[in-house]
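Worksheet: one structure, shown below.
The values are calculated or read from the model by the stated rules, or taken from the named source; none is laboratory data. All values reported here derive from a predicted model rather than from experimental measurement. Note that each Cβ is placed from the backbone with ideal geometry, even for glycine, and that neighbours are counted across all protein chains shown. Remember, those area values only see protein heavy atoms, side chains included, never the ligands or the DNA or RNA. Shrake-Rupley method; radii C 1.70, N 1.55, O 1.52, S 1.80 Å.
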2 protein chains.
Amino acid sequence: MTAFNYDLLHRDPDSQARRGCITTTRGEIQTPVFMPVGTQGTVKAMLPEALKDIGAQIILANTYHLYLRPGHDLVKQMGGLHRFMNWDRPILTDSGGFQVFSLGELRRITEEGAAFQSHLDGSRHLLTPELSMDIQLALGSDIVMVFDECIPHPAERKYVVDSTNRSARWARRCRDVIPSGSGSALFGIVQGGMETDLRQQSAEQLQEIGFEGYALGGLSVGEETALMYDMMEYSLPLLPENRPRYVMGVGTPENLVEGVARGCDMFDCVMPTRNARNGVLFTTFGKISIKQAQYRDDDRPIDADCDCYVCRNYSRAYLRHLYRSGEILASVLNTHHNLYYYQQLMAAVRRSLEEGTFTSFRKNFYHKRDLSH
Amino acid sequence: MTAFNYDLLHRDPDSQARRGCITTTRGEIQTPVFMPVGTQGTVKAMLPEALKDIGAQIILANTYHLYLRPGHDLVKQMGGLHRFMNWDRPILTDSGGFQVFSLGELRRITEEGAAFQSHLDGSRHLLTPELSMDIQLALGSDIVMVFDECIPHPAERKYVVDSTNRSARWARRCRDVIPSGSGSALFGIVQGGMETDLRQQSAEQLQEIGFEGYALGGLSVGEETALMYDMMEYSLPLLPENRPRYVMGVGTPENLVEGVARGCDMFDCVMPTRNARNGVLFTTFGKISIKQAQYRDDDRPIDADCDCYVCRNYSRAYLRHLYRSGEILASVLNTHHNLYYYQQLMAAVRRSLEEGTFTSFRKNFYHKRDLSH
């Protein structure tokens, strides 16, 4: 069993951007990387083979959802999540914390953990750092995230202080369950709200414990984009260079490019998949809403610069028809295109970092978008 | 452009079953054949490539639906239905009649045609034999069906007489629009309700006009299965041997095997696709409902005798989880399996007819189903 490892391959001379490679027992992950979200044991509307075709190297699965349904014990009994869902590449699992706070009802946080009621059936649960680790291990996760609290924004400083400290204590309890060098990698999550000193404190607390990778949590929670970029810019350099850095729940194509420029290696977001199901498609010249009347008799592909399966075979007029008709194929094709767009974007980012042309890539990325206005 | 043709290749010595081959300008269709239904310009939840993978030779598209949305003129402008939906194999289009009577509102039949209001927006329309032909030609159909009335069951004899005669007059008007030897083949549809003499009269009226193929309409409309089989047994031998015979809207796997035994070459039905979306799956040992609790921790494939993509890669437990979670992938995988089951069934029927073993095939088909009870 190869140990989890991160190799820093290239460094951009003009920004914090880095080109690296993560090694896991289930294969390599070239970074920067975008991870499609597979909430309930499936990336919505995508076959695993299609995910591979578009170059997905790793997907994210949600601990909260799989814990409630079908249950981690069942998934383990069925041979683990990889076998259950027919996906043999790496899986990163979140800790369940974010969903407890966004979906769970009547939630209450104590030192022990977070008590909540299921959004599915109202049943009562107590999610602790230890249980979160047990669930993620039962799923067979390749990259386990520590159980933490995602602090809402805005929040009182006192709350941020208390929560960040508690999350640090929880992080230690997680490390105790999954020590360094075990089968799964464990990532710490920097909290601290929008307070730079608390972000620094959190980053230090986590490094004292020591993790295989580090994430920024509590971003993309409603704050201004500029503030999010500031927090990335401030926090990412606080993390060790020889470990992967992951900004959770981010984001738009622009967010990804800016995150890379600030030193981030890993991203995940429901945006490409969720937008797809709502008929919103990503292109090199910005977003389009396929339901619009202007596409009624538009024989062109979504994006003339895209060579994905959808753009090679289907017109905007057809995709609009499918969407308006409520056809399942609308979600299938739209999701395929959007995830391809994200994967190709990150592939282009990686190439530019290898070639030392990230700055011009970034300029051109915005230039194409501006042209469409 | 190759003319439409039907070659009778093998005849079963013990039944009316026949093994044939239809030649169209878009390729050959080995019969007996099952045609997946692509109502709105997509076989629900299936990519065209997946349809080809499972051996679909021809699909059916619905004139009524495509006329109302996105409109046949738009489809024509986009290069025809084949290009619009990325399907280069043959397409059979129905006439719209069946949907006018089952979905249209405030419908009224006159000699001219059928007036109705759209089920989508209440808009008023008059579908005539001529318009139905125009629509089907605009779509670029390979096999056009005459515009007819599908008589409900039960029905007064007087109504059946009048309707059957009117459908015959409509059939002639359809033939006038699409003469023999034009690009699209035109099929006549035998009506006559459940009255054998009227079925005979209808079959004669149609042959007098002359069509490239003949269908039985007005079956599978709520009558007893035995009566449907009787009507097939009586009506199919009334049709010319050198033309393909199609029983419309039929049916279950058992119906297909019995239809073949009675001399039918072509079938279509929404059953495999619709059932799939409701979690009902076809197997060699009968149907199963994947939502049942007994499959919660069932690690086996849907059908151990099936070698489809789904059965090779996914467990009943996973499919149950997807279904309960309302995931799009549930519809995708269930549809794939069910259509594969139908395609494989027909492929096995064809092989048995080539090998002269249809009788034992039929016996074994029922034997496997009985074993499961």
Q) Which condition breaks for B:R274 when tested against (1) crowded, with 17+ Cβ neighbours inside 10 Å; (2) within 27 Å of A:A50 (Cβ to Cβ)? A) (1)
(Q) Looking at region A:118-136 only, could you name the residues that are open to solvent by 30 Å² or more (accessible area, probe 1.4 Å) and either in contact with a strand residue (DSSP E or B) (Cβ under 8 Å, 6 or more places away or on another chain) or hydrophobic (A, V, I, L, M, F, W, C) (or both)? (A) A:H119, A:L120, A:S123, A:R124, A:H125, A:L126, A:L131
Q | Members of region A:220-241 found to be aliphatic (A, V, I, L, M), in a helix (DSSP H, G or I) and surrounded by 16 or more Cβ atoms within 10 Å (Cβ to Cβ), listed by number | A | A:M228, A:M231, A:M232, A:L236, A:L238
**Q.** Single residue of region A:314-373 satisfying the filter (of a type in the set (V, I, T) and facing chain B (nearest Cβ under 8 Å)) that is least open to solvent (accessible area, probe 1.4 Å)
**A.** A:V332
Q) Within region A:182-190, can one find any residue that is at pLDDT below 95 and out of contact with any strand residue (DSSP E or B) (no Cβ under 6 Å at 6 or more places or on another chain)? A) yes
Q: Take region B:127-157 and flag every residue that is assigned to a strand (DSSP E or B) and either free of Cβ contacts under 8 Å to residues at least 40 places away in the same chain or farther than 21 Å from B:G213 by Cα (or both).
A: B:L127
Q) Taking region B:288-313 only, how many residues are of a type in the set (D, E, K, R), open to solvent by 70 Å² or more (accessible area, probe 1.4 Å) and more than 9 Å from chain A (Cβ to nearest Cβ)? A) 5
Q) Within region B:62-72, can one find any residue that is touching a helix residue (DSSP H, G or I) at 6+ places or on another chain (Cβ under 8 Å), over 30 Å from B:N165 (Cβ atoms) and buried (at least 22 other Cβ atoms within 10 Å of the Cβ)? A) yes
Q: Sort out which residues of region A:1-27 are out of contact with any Lys or Arg (no Cβ under 8 Å at 6 or more places or on another chain), in a loop (DSSP other than H, G, I, E, B) and acidic (D, E), and write them in order of number.
A: A:D14
(Q) Yes or no: region B:137-154 includes at least one residue that is over 21 Å from the mean Cα position of the chain (by Cα), surrounded by 17 or more Cβ atoms within 10 Å (Cβ to Cβ) and within 28 Å of B:G71 (Cα to Cα). (A) no
Q) Which pairs do you get when a residue that is within 25 Å of B:M231 (Cβ to Cβ), found in region B:1-28, comes within reach of a residue that is aromatic (F, W, Y), reach meaning Cβ atoms under 7 angstrom, with the pair 6+ apart or on two chains? A) B:D12/B:F358; B:S15/B:F358; B:A17/B:F358; B:G20/B:Y6; B:I22/B:Y6
Q | Pairs where the first residue, in region B:168-193, is of a type in the set (S, T, Y) and the second is crowded, with 24+ Cβ neighbours inside 10 Å, C-beta under 6 Å, 6+ apart | A | B:S184/B:S141; B:S184/B:V144
Q) Just one of the numbered conditions (1) surrounded by fewer than 22 Cβ atoms within 10 Å (Cβ to Cβ); (2) over 15 Å from B:Y323 (Cβ atoms) is not true of B:V260; which one? A) (1)
Q. Residues in region B:81-102: is at least one among the polar types (S, T, N, Q), crowded, with 21+ Cβ neighbours inside 10 Å, in contact with an Asp or Glu (Cβ under 7 Å, 6 or more places away or on another chain) and touching a residue at least 12 places away in the same chain (Cβ under 8 Å)?
A. yes
Q: Name, by its number, the condition in (1) in contact with a strand residue (DSSP E or B) (Cβ under 6 Å, 6 or more places away or on another chain); (2) within 30 Å of B:E49 (Cα to Cα); (3) surrounded by fewer than 23 Cβ atoms within 10 Å (Cβ to Cβ) that does not hold for A:R11.
A: (2)
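Does region A:159-185 hold any residues that are under 14 Å from A:I109 (Cα atoms) and either open to solvent by less than 70 Å² (accessible area, probe 1.4 Å) or in contact with an Asp or Glu (Cβ under 7 Å, 6 or more places away or on another chain) (or both), and which are they?
Scanning region A:159-185 gives A:V160, A:D162, A:S163, A:T164, A:N165, A:R166, A:S167, A:W170.
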Q. Can you list the helices (runs of 4 or more DSSP H) found entirely within region B:28-126 that contain at least 1 residues being more than 10 Å from every other protein chain (Cβ to nearest Cβ) and at pLDDT 95 or above?
A. B:48-53, B:63-68, B:72-77, B:81-85
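So, A:E49, is that one within 30 Å of A:R350 (Cβ to Cβ) and either charged (D, E, K, R) or open to solvent by 20 Å² or more (accessible area, probe 1.4 Å) (or both) or not?
Judged against the criteria, A:E49 is a match.
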Q.
One residue is enough: does region B:266-280 have a residue meeting the conditions over 24 Å from B:K44 (Cα atoms) and either charged (D, E, K, R) or modelled with pLDDT under 95 (or both)?
A. no
Q) What number goes with the only condition from (1) touching a Pro at 6+ places or on another chain (Cβ under 9 Å); (2) of a type outside the set (A, V, I, L, M); (3) farther than 14 Å from A:G218 by Cβ that A:G122 does not pass? A) (1)
Q. Hey, any hits in region B:250-268 for a residue that's touching a Cys at 6+ places or on another chain (Cβ under 7 Å), closer than 24 Å to B:N62 by Cβ and of a type outside the set (V, I, T)?
A. yes
Q.
With the requirement that a residue be within 30 Å of A:R26 (Cα to Cα) and touching a Phe, Trp or Tyr at 6+ places or on another chain (Cβ under 8 Å), what does region A:185-205 give you?
A. A:A185, A:L186, A:F187, A:G188, A:I189, A:V190, A:A203
Q. Do we have any residue at all in region A:253-262 that's at positive phi, modelled with pLDDT of 95 or more and of a type outside the set (K, R)?
A. no
Q) So how many residues does region B:198-213 have that are open to solvent by 10 Å² or more (accessible area, probe 1.4 Å) and touching a residue at least 24 places away in the same chain (Cβ under 8 Å)? A) 8
